[in-house]
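Comments concern the structure below.
The values are calculated or read from the model by the stated rules, or taken from the named source; none is laboratory data. Predicted, not measured: the structure shown is a model, and the values here were computed from it. Cβ sites come from the backbone with ideal geometry, for glycine too, and all protein chains shown count toward neighbours.
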Protein chains: 2
Amino acid sequence: MREFILKASKAFTKMFRLNDLPGAGRMDLVCRCVTNALWLSHALRRDIIFHAALEGPDRPPKILSFDGEKLVGVSLDERNIASNICIALEKGYNLRSNEEIELPSRIKIAKKSFEQLVKEKSKTTQLFYLHPKGKDIRKVEFTQNVCFILGDHLGLPSATEKLLKRFNVQKISLGKIEYLASNCVAICNYELDRILELS
Amino acid sequence: MREFILKASKAFTKMFRLNDLPGAGRMDLVCRCVTNALWLSHALRRDIIFHAALEGPDRPPKILSFDGEKLVGVSLDERNIASNICIALEKGYNLRSNEEIELPSRIKIAKKSFEQLVKEKSKTTQLFYLHPKGKDIRKVEFTQNVCFILGDHLGLPSATEKLLKRFNVQKISLGKIEYLASNCVAICNYELDRILELS
């Protein structure tokens, strides 16, 4: 299983206007990451789960999970993904701690924090986060279950970096250039695909 | 200089509804390619030009060109890029053959065909197109001026493949998986960035 966790520090946890995704705490960035994580040409990636940890107003924290094997009726354009997120946020608005519901689209929404999710994943999964000073992704030995942690346009704050260190999350690098979070997702997928093709 | 040409065989050449980009001949796909070609985290790529050859109704063909060095006032979300494309299509609606105008955003629109553009580029630029049976991108020797040609969700028809062969366009491959056109753009950029970092 391959997973991604995006820490979307400003992304709204209430309903938002579909005509202004950047204004909803950079929901456009969240949607692009979902697209690049899950879609191939004419197919969904069945072996990937993408989690977005939304930390913006006004009911944080929320975790949205998109499982490529289950997703139904969601298209890959920003507006369609955003409309599905909006429905999830509406239905999950009043969730209590650790409650989770699944929508007809099979998107899950949980009242859970980024920290909790990382802690859970650390028990079963090889965790990585992208950092310019990390180990070159082409030199990393990946196991079967991997999870990549990404920051949004604001990056990962130092408190989060300390937390990741505590859970032994490894730093990896895509080179010297700082790519869009959504393109980091696309590139991680691509690098792992190349490794799997060789094996 | 690094360039991309997307053959968007159904993309509208008239104004369209911003709330339905997929319905405008997959304008969402065009917008995602623009984003992935030109944007880094917090910066535009100054050395890249992205061309979209729009061939849908009702005034084809049109070439839209986005130069990363010149672009102003355009954001990277699908809706914003689409709104700028819409303005360009309105202003350029009645262009005559080979006429070109530049918008305040510095996006250019020309009444020109995909074939004409490929022919022009073939004189000065190393041309590639993505094909599962092409040479592995990691084994290609790139020169200074490269241009990648991509198809949309319908791929490149055989007549276009014959045309590309006539202009000695080389087939290259990203592996066995067929990625979204927009992710092909992101991956080509990444592979070339890695080569440049080593040189």
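Of all the criteria given as (1) touching a residue at least 40 places away in the same chain (Cβ under 8 Å); (2) at positive phi; (3) not aliphatic (A, V, I, L, M), the one not satisfied by B:S83 is (2).
Of the candidates A:G73, A:G68, the single residue that is on the phi > 0 side of the Ramachandran plot and small (G, A, S) is A:G73.
Do we have A:L18 as farther than 27 Å from B:G155 by Cα, within 14 Å of chain B (Cβ to nearest Cβ) and not in a strand (DSSP E or B) here? Yes, satisfied.
Taken over region A:142-199, the criterion of being out of contact with any helix residue (DSSP H, G or I) (no Cβ under 9 Å at 6 or more places or on another chain) and of a type in the set (G, A, S) is satisfied by A:G155, A:S158, A:A159, A:S199. Does B:L76 meet the test of being more than 14 Å from every other protein chain (Cβ to nearest Cβ) and touching a residue at least 24 places away in the same chain (Cβ under 8 Å)? The answer is no for B:L76. The numbered conditions (1) surrounded by fewer than 24 Cβ atoms within 10 Å (Cβ to Cβ); (2) under 23 Å from B:N36 (Cα atoms); (3) touching a residue at least 60 places away in the same chain (Cβ under 8 Å); (4) among the charged types (D, E, K, R) are all true for A:R32 except (1). Between B:G73, B:G23, the distinction of being surrounded by fewer than 17 Cβ atoms within 10 Å (Cβ to Cβ) and in a helix (DSSP H, G or I) belongs to B:G23 only. Note on region A:35-50: among residues that are within 8 Å of chain B (Cβ to nearest Cβ) and in a loop (DSSP other than H, G, I, E, B), the one that is surrounded by the most Cβ atoms within 10 Å (Cβ to Cβ) is A:S41. Identification of helices (runs of 4 or more DSSP H) wholly contained in region B:96-199 with 1 or more residues that are away from chain A (no Cβ under 14 Å) and either modelled with pLDDT under 95 or within 26 Å of B:P60 (Cα to Cα) (or both) yields B:114-122, B:158-166.
Note on region B:55-70: among residues that are under 15 Å from B:A43 (Cβ atoms) and surrounded by fewer than 18 Cβ atoms within 10 Å (Cβ to Cβ), the one that is nearest to the other protein chains (Cβ to nearest Cβ) is B:E69.
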